[in-house]
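Reading through the structure tokens given below for one structure.
The values are calculated or read from the model by the stated rules, or taken from the named source; none is laboratory data. Note that the structure is a prediction, hence the values are computed from the model and not measured. Glycine also receives a Cβ, built like all others from the backbone with ideal geometry; neighbour counts cover every protein chain displayed. Please note that ligands, DNA and RNA were not included when accessible areas were found on the heavy atoms of the full protein model with its side chains. Shrake-Rupley method; radii C 1.70, N 1.55, O 1.52, S 1.80 Å.
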Amino acid sequence: MAIYLDSAIVSEAEIASRMGWVKGITTNPTLLAKSDNPPETTLKKLTQLTSGPVFYQLMSSDFERMLTEGRKAFEIIGQQTVLKIPATPIGFAVVASLSPEITCSVTAIYSAAQAAVAREAGARMAIAYVNRATRLLGDGIALVRDMASILNGSNTEILAASIKSPEEAAASLQAGAHHLTLPLSMLQAMATHEFSDKTVEEFAKNGIGLTI
């Protein structure tokens, strides 16, 4: 299992890097638009802040341009590249073409059938927008569970995105997601519980340890 930062803000990536347990960075066009730098500069800086994967989502919409854009992203990010390719007929064809040379994921999956196609196209990851799927389909956790049933035993893993609470994050993992990607605020929330803080306060008040 890996937990990734979902952001293209360099200052947030720096904070996530210091946490020590965040294993990579996912971006998308909307997140890159929030950066003060051009996408190429942002991607280079993010790559320097993690030893794990850096995800880049293709913006082009026709086959040849998508291939070119994917290879350009690989030139910038290098071996850490994971391409995010939309779950469309053209997107699946692009995955089938690029996956032998660049690690690919399929993003915006809303059905188990699309997960099956992603697997056959050679995608390393199938990305489900959990909370958005709940709003659009009624049950994002059920989507993850259905995808897990289809992908069980394959080399394609599930990355759960669009997570709005620690409970939703845990439920996604329990339903079969292999990985999570979360905004910085959610990463911080995942590591926090009020009873943990109260327990630490009790130890500090009543306990004793080494003198420093």
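Conditions (1) of a type in the set (Lys, Arg); (2) part of a helix (DSSP H, G or I); (3) open to solvent by less than 80 Å² (accessible area, probe 1.4 Å); (4) in contact with a strand residue (DSSP E or B) (Cβ under 8 Å, 6 or more places away or on another chain), marked per residue:
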site: Gln114; (1), (2), (3), (4): no, yes, yes, yes
site: Ile163; (1), (2), (3), (4): no, no, yes, yes
site: Gly176; (1), (2), (3), (4): no, no, yes, yes
site: Thr181; (1), (2), (3), (4): no, no, yes, yes
site: Gln188; (1), (2), (3), (4): no, yes, no, no
site: Val200; (1), (2), (3), (4): no, yes, no, no
site: Gly209; (1), (2), (3), (4): no, no, yes, no
For the structure I just gave you, tell me whether Leu136 is buried (at least 21 other Cβ atoms within 10 Å of the Cβ) and either assigned to a helix (DSSP H, G or I) or of a type outside the set (Asp, Glu) (or both). no
Thr134 meets each of (1) in contact (Cβ under 8 Å) with a residue 12 or more places away in the chain; (2) touching a Leu at 6+ places or on another chain (Cβ under 9 Å); (3) among the β-branched types (Val, Ile, Thr) with one exception, condition (1)
Boolean, Ala108 is free of Cβ contacts under 8 Å to residues at least 60 places away in the same chain, within 16 Å of the chain's Cα centre (by Cα) and at positive phi: yes
Report the residue count in region 10-45 for those that are without any contact (Cβ under 8 Å) to a residue 40 or more places away in the chain, surrounded by 13 or more Cβ atoms within 10 Å (Cβ to Cβ) and of a type in the set (A, V, I, L, M). 6
In this structure, is Lys72 outside any loop (DSSP other than H, G, I, E, B), over 30 Å from Gly20 (Cβ atoms), open to solvent by 30 Å² or more (accessible area, probe 1.4 Å) and among the basic types (Lys, Arg)? yes
Of Ala142, Ala175, Ala116, Ala123, which residue is over 21 Å from Glu12 (Cβ atoms), touching a Lys or Arg at 6+ places or on another chain (Cβ under 9 Å) and touching a residue at least 24 places away in the same chain (Cβ under 8 Å)? Ala175
Among the listed residues Ala96, Ala121, Ala87, identify the single one that is under 15 Å from Thr156 (Cβ atoms), surrounded by fewer than 18 Cβ atoms within 10 Å (Cβ to Cβ), of a type in the set (A, V, I, L, M, F, W, C) and modelled with pLDDT of 95 or more. Ala96
Quick one: what pairs do we get from region 196-209, first residue modelled with pLDDT under 95, second assigned to a helix (DSSP H, G or I) and of a type in the set (A, V, I, L, M, F, W, C), C-beta under 9 Å, 6+ apart or different chains? Gly209/Phe203
Which of the numbered conditions does Pro100 fail, given that it passes all the others? Conditions: (1) part of a loop (DSSP other than H, G, I, E, B); (2) more than 23 Å from Gln80 (Cβ to Cβ). (2)
Out of Ile77, Ile90, Ile109, Ile127, sole residue that is among the hydrophobic types (A, V, I, L, M, F, W, C), touching a strand residue (DSSP E or B) at 6+ places or on another chain (Cβ under 7 Å) and farther than 25 Å from Gly20 by Cα: Ile109
